[in-house]
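Only one structure is covered here, and it is reproduced in the block below.
Please treat every number below as a calculation from the coordinates, not as lab data. The structure presented is a predicted model; accordingly, all values stated were derived computationally and were not measured. Neighbour counts run over all protein chains shown; Cβ positions are idealised from the backbone, glycine included.
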Amino acid sequence: HLHGAELASTQIVENWRGGNAAAGETMALYAELVSGPLAMVVNTVGANVIPAGGGLSNAADVLALLDMAVRGKILQKRETPLIVQAECTVEPGLIGAAIMGLSA
């Protein structure tokens, strides 16, 4: 919507990787919008790691972009990554919902 085009997130990421300026602006905005709330959570609870799951978490460069944005906003300065890929990468939300359904 930022540039008047409807693209899938995977296409935006591919365009960003290819050096497309519009995709670069979109990814910068994504990092800005998502990093603020994540930094607030880290500053509040003192998390040492934030596991990221879902489709875009499979893109290491997207996680690195978001990680750098979050680390730039937290009170504790750190050299190691804060945002890492979750170990359960295949439909973690569905797995959690199934576990909750079985335990009810």
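Regarding ILE50, is this residue free of Cβ contacts under 8 Å to residues at least 40 places away in the same chain and touching a strand residue (DSSP E or B) at 6+ places or on another chain (Cβ under 7 Å)?
yes
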Practice prompt. Report yes if GLY101 is surrounded by 12 or more Cβ atoms within 10 Å (Cβ to Cβ) and either in a strand (DSSP E or B) or not hydrophobic (A, V, I, L, M, F, W, C) (or both), otherwise no.
Written response: no
